[in-house]
Each structure stands twice: as C-alpha cells, then as structure tokens.
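Structure first, then comments.
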Amino acid sequence: MFDLKQYKSLLADLKSEGLIPSLNWNEETNANTLFLRHDIDFSIEFAHKLASLEFNLGICSTYFLMLTSNMYNLISLKNQRLAKEIAEMGHKISIHFDPTVYSELSKFEYEKHLFESIFNVEVDIVSIHRPGPFLDNNNVFLCGIPQTYNDTFFKAMKYISDSGGQDCRPQIIEYLSGPRSQGLQLLIHPIWWVGQGSNVTETLNFWRKKQLDFVTSEIRLNVKKYMD
C-alpha cells in the first residue's frame, strides 16, 4: 500500500503547485483552495499519526470522526484525548455521520449536540459515511449544515479519493499537471497510509492484529485469571 513518506511527498507536491489548505468549508473557493479531508473509519490512533505529520509540515486538514462506529469508541478516554490533541494541533474535527443508524436524518441533531459538548467545537461541516443515495441528491443539508458531497465541494471542485485503498496519486498528478480552474477536495483515509501491508487485505489485517493485541491487553487488565 502507501506510507507516511509517500504521503509527505504528496503534500509537498500540492503545496508546490500553490494549493492552500483551508478549514473554512463555508468560504468562497478558488483554484488554489484545498480541502484536505480525512474520514476516520478504523482508527483514531492512525488519524493522530497522520495529523502529527501534517502539523509538522504546517498543513491543516479536517478529521471526520464517528460516534456510531463499530470499529472504535470515540468517547473512550484514550480516543477522546487523541481527538482533542488533533484539534489542538490546529486541525478541524467534525462528525463522520452514518445515516443508516437512524430512521430519520433529523436524528443527526442528537449527534451534533453530543459531539459539540464532548469536544467543545462548533460543527459546521459533516462527512457522510457510505453516502449512497446522497450522491443522487448532493445538496442535502443536515440540520442546516452542509456536507462534503454538496455540489459546492463535490462538483464545483475537483474531488479525488483513496476510498477502498485505491491509489489516488495518478489522479492528483493529472489534476496538478493540467490547466486548473477548480480547487480540490482530497479525501485521504489514514488506514491506507499509516497501516502496513502491500495490499488492502494485508493492511487491514495489520490493523486487525493491533486491535486484537489491544483487546487482549484490556482483558488482562480486567480479569487477572485470563490466560491466552
């Protein structure tokens, strides 16, 4: 797959071509606007590592975190600390919303209130997890808040993603090498750049092994007689 050295090189290319990272998703965009977006589907720890690299390079990005994930507990003490540290580095944190959890989109207001209360931030942009029907109606707002598949970010700007572990670098090179009239929304999932493996399966198995090791250590802390 990819690694942090390659990600650092990718960021250098974006900066050298005059793209300017922005955290203000409500500003008027231009050809130099870069919305660097991270949907956190697997690991807050991996997100923190990516955020630290960006911080050291003077890059700001938006991290979208899930309150309803089956992969991690955002409000555990450890993950709250990591998420708050990401924000303290100067990045934006906001909600990665899974609409399939609820019968009505209006339930988003509950997550918004909870997220803002825990992390002391104002949610003004949302990322949809597995957008599906949202791609057929890009301009849905959630409680008056825009989401990253609105036409402003998904059509008026160039959209490039590494979803599913695809190599997005050829698309980025093509975008940077041609005449540029659009800003860029770039979706990077930390799992593909922080995890280790030569393909998608190996990278996910690396993450799964780390999870198993963590769960095993937690069991030992809670049950002294446990023997693995």
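Here are the numbers:
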| quantity | calculated |
| --- | --- |
| The stretch 168-196 - residue that is assigned to a loop (DSSP other than H, G, I, E, B) and at pLDDT 95 or above and, of those, nearest to residue 23 (Cα to Cα) | 183 |
| Residue within the stretch 213-227 that is in contact with a Phe, Trp or Tyr (Cβ under 7 Å, 6 or more places away or on another chain), at pLDDT below 95 and farther than 15 Å from residue 35 by Cβ present | yes |
| Verdict on residue 185 being touching a residue at least 12 places away in the same chain (Cβ under 8 Å) and either open to solvent by less than 70 Å² (accessible area, probe 1.4 Å) or within 21 Å of residue 45 (Cβ to Cβ) (or both) | yes |
| Close pairs (8 angstrom Cβ cut-off, 6 or more residues apart or separate chains): closer than 16 Å to residue 57 by Cα and without any contact (Cβ under 8 Å) to a residue 60 or more places away in the chain in the stretch 81-92, open to solvent by less than 30 Å² (accessible area, probe 1.4 Å) and in a helix (DSSP H, G or I) anywhere | 86/47; 86/51; 87/119; 89/51; 89/54 |
| So residue 30, is it touching a residue at least 60 places away in the same chain (Cβ under 8 Å) and surrounded by fewer than 20 Cβ atoms within 10 Å (Cβ to Cβ) | yes |
| Breaking point among (1) surrounded by 15 or more Cβ atoms within 10 Å (Cβ to Cβ); (2) out of contact with any Asp or Glu (no Cβ under 8 Å at 6 or more places or on another chain); (3) polar (S, T, N, Q), for residue 103 | (1) |
| Within the stretch 94-131, tally of residues that are β-branched (Val, Ile, Thr) and out of contact with any Phe, Trp or Tyr (no Cβ under 7 Å at 6 or more places or on another chain) | 4 |
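The values are calculated or read from the model by the stated rules, or taken from the named source; none is laboratory data. It should be emphasised that the depicted structure is a prediction, and the values quoted were computed from it without experimental measurement. Glycine also receives a Cβ, built like all others from the backbone with ideal geometry; neighbour counts cover every protein chain displayed. Each accessible area value is taken on the protein alone, full model and side chains, heavy atoms only, with ligands, DNA and RNA left out. Shrake-Rupley method; radii C 1.70, N 1.55, O 1.52, S 1.80 Å.
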